[in-house]
Amino acid sequence: MSEEQNGDHTTQRGEGLSFWLVGFVLLIVLPLLNVLPGTDSPLHVSDFTLNLFGKFLAFAILALGLDLIWGYTGILSLGHGVFFGLGAYAIGMHMMLSIGTESVYGSALPDFMVWNQVKELPLFWRPFSSAWLSVAAAILVPTIFAAIFGFLAFRSRIKGVYFSIITQALALSAWLVFNRNETNLGGTNGLTDFKTLFGFRLSEPGTQRALYVVTVFFLGAAYLLCRRIIKSRTGKVLVAIRDSEQRVLFSGYSPANYKLFVFVVSAALAGLAGALYVPQVGIITPAQIGVLPSIEMVIWVAVGGRGTLVGAVLGAVGVNLGRSILTNHFPELWPFFLGGLFIAVVLFFPDGCVGLLRKLGGSWSSRRAGNGLDKPLATSEPGPR
């Protein structure tokens with residue numbers, strides 16, 4: 001085995017160990033620290049903290065999909081908030097129908113429909129009475145929507161900044177549609193005041209703990225799926241499209257098919273993230289599916305390091321953790337901090353935090369090699385003549 005193959009094998013082994021170690025901490029250690037230690041113990045993880053991390057990890061699933069299409073394929077989408085919102089609204093509509101007569105007005109219809117004087121449940125709401133159909137819709141609706149949109153865009157050879165602009169227009173259009181009361185989706189207030197999911201009370205800590213565990217499980221599955229894609233021949237073609245689409249075209253491949261595939265996968269992951277997000281947060285509004293949240297999602301990946309799956313996860317968790325802290329203490333500073341962070345990434349470390357750490361690690365290794373610290377010690381005794 002060559003030295004390069006040995007290096008790849010060691011890297012893959014390290015990635016595998018890190019994956020299972022982080023998974024063990026997220027899936028086993030944190031839930032146990034939520035249940036076992038007393039609330040006065042310094043090791044206790046509160047229900048609020050666990051719920052907060054559940055939300056961040058749902059965002060990380062979306063970031064993985066966005067990194068797949070932007071970091072590995074070079075297609076900047078500024079409309080992924082739409083796919084996130086479609087998944088969230090699918091589960092939110094089911095939870096609204098599950099409220100039943102527990103609503104403020106005691107009607108089987110959601111409260112906002114009673115307020116808007118809607119007399120009968122709209123036809124497109126009826127399939128969401130089924131829990132499993134709603135779960136399927138949370139994935140299938142954004143997937144089908146992305147397939148249609150992507151087919152039209154990529155077959156028309158729309159790429160680069162033009163693709164970013166039309167996805168931004170898509171996000172703006174969706175925001176306008178979801179804001180209208182006539183669409184019967186709650187208008188600007190969105191869907192909220194959920195009571196149960198699959199018969200379990202959302203107010204119970206055990207339900208929120210289970211949602212956290214399910215989110216960790218799906219994050220791990222999404223990571224493995226994305227890793228499998230980028231390690232496959234398809235992944236190599238995606239990277240080649242990012243580096244030189246013309247060369248891929250001349251090699252006999254169809255870039256449009258590969259771009260459509262990765263766009264649909266990333267939309268499905270965004271829908272899954274939305275479906276996991278809404279029961280943990282308890283609300284979904286048009287404000288979370290427009291242009292601004294879509295751009296913020298791009299910043300997560302840019303800060304973490306695009307083109308690295310780990311960077312996408314770290315960026316989503318890190319930026320949202322910073323947002324949670326700053327908005328609690330200095331809410332007026334958050335927009336300036338986020339904008340400054342994005343500018344700093346673009347100007348000073350375009351490969352994100354993971355790329356910066358790799359450069360620092362490479363510089364340190366080079367310095368050690370230059371100082372002779374990695375070389376075997378030379379003996380002062382003369383050799384045989």
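The values are calculated or read from the model by the stated rules, or taken from the named source; none is laboratory data. The model shown is predicted, which means the values in this text are computed figures rather than measured ones. Counting neighbours? That spans all protein chains shown, and the Cβs are built from the backbone with ideal geometry, glycine included. Surface areas here come from the heavy atoms of the whole protein model, side chains and all, with no ligands, DNA or RNA. Shrake-Rupley method; radii C 1.70, N 1.55, O 1.52, S 1.80 Å.
Looking at T188, T192, T196, T215, which one is polar (S, T, N, Q) and at pLDDT 95 or above?
T215 is the lone residue from the list that is polar (S, T, N, Q) and at pLDDT 95 or above.
Using the structure shown, decide if A174 is under 21 Å from the mean Cα position of the chain (by Cα) and either outside any helix (DSSP H, G or I) or modelled with pLDDT of 90 or more (or both).
So A174 fits the description; yes.
For V281, are the conditions met, namely being surrounded by fewer than 20 Cβ atoms within 10 Å (Cβ to Cβ), closer than 25 Å to G190 by Cα and of a type outside the set (F, W, Y)?
yes
For every residue, the table says whether it meets (1) open to solvent by 10 Å² or more (accessible area, probe 1.4 Å); (2) modelled with pLDDT under 90; (3) of a type in the set (A, V, I, L, M, F, W, C).
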| position | (1), (2), (3) |
| --- | --- |
| I69 | no, no, yes |
| Y72 | yes, no, no |
| L76 | yes, no, yes |
| G85 | no, no, no |
| H94 | yes, no, no |
| L97 | yes, no, yes |
| S103 | yes, yes, no |
| D111 | yes, yes, no |
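Please enumerate the residues belonging to region 238-256 that are surrounded by 15 or more Cβ atoms within 10 Å (Cβ to Cβ) and either assigned to a loop (DSSP other than H, G, I, E, B) or under 23 Å from the mean Cα position of the chain (by Cα) (or both).
L238, V239, I241, R242, Y253, listed by residue number.
Could you list, ordered by first residue, the pairs with Cβ atoms under 8 Å in which the first is in region 34-45 and assigned to a loop (DSSP other than H, G, I, E, B) and the second is of a type in the set (A, V, I, L, M, F, W, C) and modelled with pLDDT of 85 or more, at least 6 apart or interchain?
P37/L43; L43/L33; H44/L33; V45/L30; V45/L33
Does A270 fit the bill of being surrounded by 24 or more Cβ atoms within 10 Å (Cβ to Cβ), part of a helix (DSSP H, G or I), touching a His at 6+ places or on another chain (Cβ under 6 Å) and of a type in the set (A, V, I, L, M)?
Criteria met by A270.
Looking only at residues in region 33-56 that are aliphatic (A, V, I, L, M) and surrounded by 12 or more Cβ atoms within 10 Å (Cβ to Cβ), which one is nearest to V214 (Cα to Cα)?
Ranking the candidates gives L50 first.
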